[in-house]
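Written out below as structure tokens is the structure these notes cover.
The values are calculated or read from the model by the stated rules, or taken from the named source; none is laboratory data. On a predicted model such as this, the values are computed, not experimentally measured, just so you know. Cβ sites come from the backbone with ideal geometry, for glycine too, and all protein chains shown count toward neighbours. All accessible areas refer to the heavy atoms of the entire protein, side chains included, with ligands and DNA or RNA removed. Shrake-Rupley method; radii C 1.70, N 1.55, O 1.52, S 1.80 Å.
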Amino acid sequence: MSHLSSQPQFKSLKRQECYQKFIDLLSPKWQKAIAFVYIKDETLFIAVTHPGFKMELNYNRDLLKTLLTQLNEHDEACKMMQAEKVVVFHSKYYAMPQEKVSYVSVPNYHERAKGNFETPSDNELKEKFERIKAIVTCNQ
């Protein structure tokens with residue numbers, strides 16, 4: 001994998017990895033606020049998910065620039081990340097993090113029903129009750 005990522009056609013992958021390292025260095029509140037980051041013409045562009053974060057990050061431009069230079073100094077793979085200016089803007093286009101859906105209830109409960117009930121004589125209802133019985137006995 002490292003051999004593939006070191007090839008010239010995949011150099012944007014390394015850059016993207018460095019952008020993610022930069023975001024990971026920030027506080028959790030700012031990590032959630034930042035949609036994406038990129039550097040172009042020695043300018044660090046930071047896209048935020050909500051306009052309210054824009055003002056707060058604008059106040060901390062020097063901190064962001066310092067953090068970028070420190071990442072540049074300490075990580076050999078991120079030497080190309082250099083910026084003289086920081087621009088913060090609001091972006092409504094960003095990938096929302098996918099939340100994992102869990103179909104298992106927590107805490108897990110054991111089946112308490114026994115499945116030994118009388119079925120009605122109606123054919124349609126009888127089939128449904130038999131199916132319910134099978135499910136209950138299977139869950140035990």
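Being closer than 22 Å to K14 by Cβ and in contact (Cβ under 8 Å) with a residue 40 or more places away in the chain is the requirement here; does T43 meet it? Break it down into steps so the answer makes sense when it comes.
Working: closer than 22 Å to K14 by Cβ: yes; in contact (Cβ under 8 Å) with a residue 40 or more places away in the chain: yes.
It is true that T43 is closer than 22 Å to K14 by Cβ and in contact (Cβ under 8 Å) with a residue 40 or more places away in the chain.
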Contacts under 8 angstrom Cβ, first residue in the range 49-67 being touching a residue at least 40 places away in the same chain (Cβ under 8 Å), partner assigned to a loop (DSSP other than H, G, I, E, B), 6 or more apart: T49/S91; T49/Y94; L67/L26
L4, sole failed condition from (1) modelled with pLDDT of 85 or more; (2) surrounded by fewer than 16 Cβ atoms within 10 Å (Cβ to Cβ); (3) of a type in the set (A, V, I, L, M, F, W, C): (1)
Per-region count, the range 37-47, residues in a strand (DSSP E or B) and open to solvent by 70 Å² or more (accessible area, probe 1.4 Å): 2
Scan of the range 71-96 for residues that are under 25 Å from the mean Cα position of the chain (by Cα) and part of a helix (DSSP H, G or I), ordered by number: L71, N72, A77, C78
